[in-house]
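Notes follow once the structure below has been shown.
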Amino acid sequence: MNWIAHIYETVSNTWYRMRLKNNNFTIITNTCIAGVMYHKLGKQFLSPTINLWMHDVDFYRLVHNMDYYFAQPLKFVNVGENYPTAYCGDVLIYFNHYHSEEEAEAKWKERIKRINKDNLFIICADRPLEDIDITHEDILSLKDIPCRGKVVFSTKKYDDVDYIVPYRRDVKGDYVAVYMNDRTKYTRRWLWESAFDWVHWLNTGEVKI
């Protein structure tokens, strides 16, 4: 990390921590964004979805039946990646920041025990899997999940969904880009940090653009 990025990281994280009023929250997501948020806020990882990713199509299935999926054993498979991958029921999880199956499974089980269902937040997007799209109905269905707050990164706007966070379009199609690939050149700031007020969201559950 260069000195500009280091100074920015130190100052911005201090500001985020000063503003945070909520504690002991669980962020369930399908990218590394939860781990980044916990790190910036200096909080313990109260979520199993840390340092891993899964397709949005699978994630929507998982969050609609979390009790079921988090009770399932991991079944590790080889899908050609150089890191552990495993099925949790019918959901394929890519443990891309883990060095072994043993480490991935241990952290997964340990953090499942920390989930706080009374202070739960969900983050996902509208990226398709091959020819399976994330539809308006899929996004709207998240309203049925009891939690403090939801965020869906999307290129689209829906009048009946108040948890959409607009984000840039992927060059390959009319869906959101991989937001965990986007950082500024010098400060290394994540672009999603300015897409919505995420600390306010954790405090209130309200998406504030």
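The values are calculated or read from the model by the stated rules, or taken from the named source; none is laboratory data. Computed from a predicted model, the values in this text were never measured in an experiment. All Cβ positions, glycine included, derive from the backbone under ideal geometry; neighbour counts span all protein chains shown. The accessibility values were calculated without ligands, DNA or RNA, using every heavy atom of the protein model including side chains. Shrake-Rupley method; radii C 1.70, N 1.55, O 1.52, S 1.80 Å.
Quick notes on this one:
- Debye intensity ratio I(q)/I(0), log10, the chain, q values 0.08, 0.10, 0.14 Å⁻¹ (C-alpha model): -0.27, -0.43, -0.88
- For the stretch 198-206, Karplus couplings with θ = phi - 60° (6.51, -1.76, 1.60), whole Hz, Gly/Pro x: 6, 6, 4, 4, 5, 6, 10, x, 8
- Surface composition of the chain: carbon and sulfur atoms hold 51% of the protein heavy-atom accessible area at a 1.4 Å probe.
- Taking amide hydrogens as placed 1.01 Å from N in the peptide plane, the amide H of residue 175 sits under 5 Å from those of 170, each at least 5 positions away in sequence or on another chain.
- For the stretch 53-58, backbone phi angles converted through the Karplus equation (6.51, -1.76, 1.60; θ = phi - 60°) give residue-by-residue couplings of 8, 8, 5, 4, 4, 5 Hz, Gly and Pro being listed as x.
- Additional length obtainable on full extension of the chain from residue 169 to residue 131, 0.36 nm per residue less Cα span: 11.9 nm
- Comparing Cα centroids, the stretch 50-98 and the stretch 99-133 end up 7 angstrom apart.
- A protection proxy built from the mean count of other Cβ atoms within 10 Å ranks the segments 49-59, 73-83, most packed first, as 49-59, 73-83.
- Fully extended contour minus Cα-Cα distance, from residue 75 to residue 197, at 0.36 nm per residue: 40.2 nm
- Under the combined filter of DSSP loop state and at most 14 neighbouring Cβ atoms within 10 Å, the stretch 113-209 retains these chymotrypsin sites (Phe, Trp or Tyr not before Pro): 158, 186.
- Residues whose placed amide H lies under 5 Å from that of residue 49, excluding near-sequence neighbours: 29
- For the stretch 156-167, backbone phi angles converted through the Karplus equation (6.51, -1.76, 1.60; θ = phi - 60°) give residue-by-residue couplings of 9, 10, 10, 5, 9, 10, 9, 10, 7, 10, x, 8 Hz, Gly and Pro being listed as x.
- Most to least packed among 98-107, 20-29 [average Cβ atoms within 10 Å]: 20-29, 98-107
- Taking Cβ atoms as reference points and 13 Å as the exclusive limit, the residues near residue 6 contribute a net charge of +1, counting Lys and Arg as +1 and Asp and Glu as -1.
- Normalised size of the stretch 117-208, defined as Cα radius of gyration per 2.2 N^0.38 Å with N residues, equals 1.11.
- Close amide-amide hydrogen proximity is noted between residue 164 and 152, each under 5 Å apart and 5 or more residues distant or on a separate chain (H modeled in the peptide plane; Pro and chain starts excluded).
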